[in-house]
Amino acid sequence: MTGESFTPLRNVEVEILLSVAEKGKHGYAILKDARDRQDGPPGFEIPTLYRALRRMRDLGLVRTLERAAHETDTRRQFWQATPLGREALAAEIERLGRLVEEGRASVRRIAGESA
């Protein structure tokens, strides 16, 4: 299976993979990253985030990490993208880039027609 086979990804899945592509993070940190990127509410809440994390884990896109020795909160679960998850993120970013390019071209054509 390749990363492309997972596209299109849902917004919550993109946000998760963007947050955990480089290093493991717990759920609240993932949500905070998404809020920071969106300059406000990311369009999903904690329950949706954890459902997506479990689904993505089952698909092999993310994995849970062992708790660090200094981490005392046993409720926190840390997540990290797998190589397949990073590949799926890259494929989705490419897909979105093409969509943006097509959208910009369409807007230019429309602007040219109305001039």
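Among the trypsin sites (Lys or Arg not before Pro) within region 22-114, those in coil by DSSP and having at most 11 neighbouring Cβ atoms inside 10 Å are Lys23, Arg75.
So if a site counts as exposed when it's one of the GluC sites (Glu not before Pro), its DSSP state isn't H, G, I, E or B, and it has at most 16 other Cβ atoms within 10 Å, what's the longest stretch of the chain without one? Of all site-free stretches, the longest is 72-115. Relative to the Cα centre, the charge distribution of the chain, modelled as +1 at Lys and Arg Cβ and -1 at Asp and Glu Cβ, gives a dipole magnitude of about 240 debye.
Defining a contact as two alpha carbons under 8 Å apart and six or more residues distant in sequence, what relative contact order in percent does region 1-67 show?
Numbers: 37 pairs, mean separation 20.5, N = 67.
The value is 31 percent.
For the chain, the Kirkwood hydrodynamic radius from C-alpha pairs, put into Stokes-Einstein at 4 °C and a viscosity of 1.567 mPa s, yields a diffusion coefficient of 84 µm² per second.
Here, each number is a calculation from the coordinates, and none is a lab measurement. The structure displayed is predicted, hence computed values, not measured ones. Ideal geometry is used to build each Cβ from the backbone, glycine not excepted, and the neighbour counts take in all protein chains shown.
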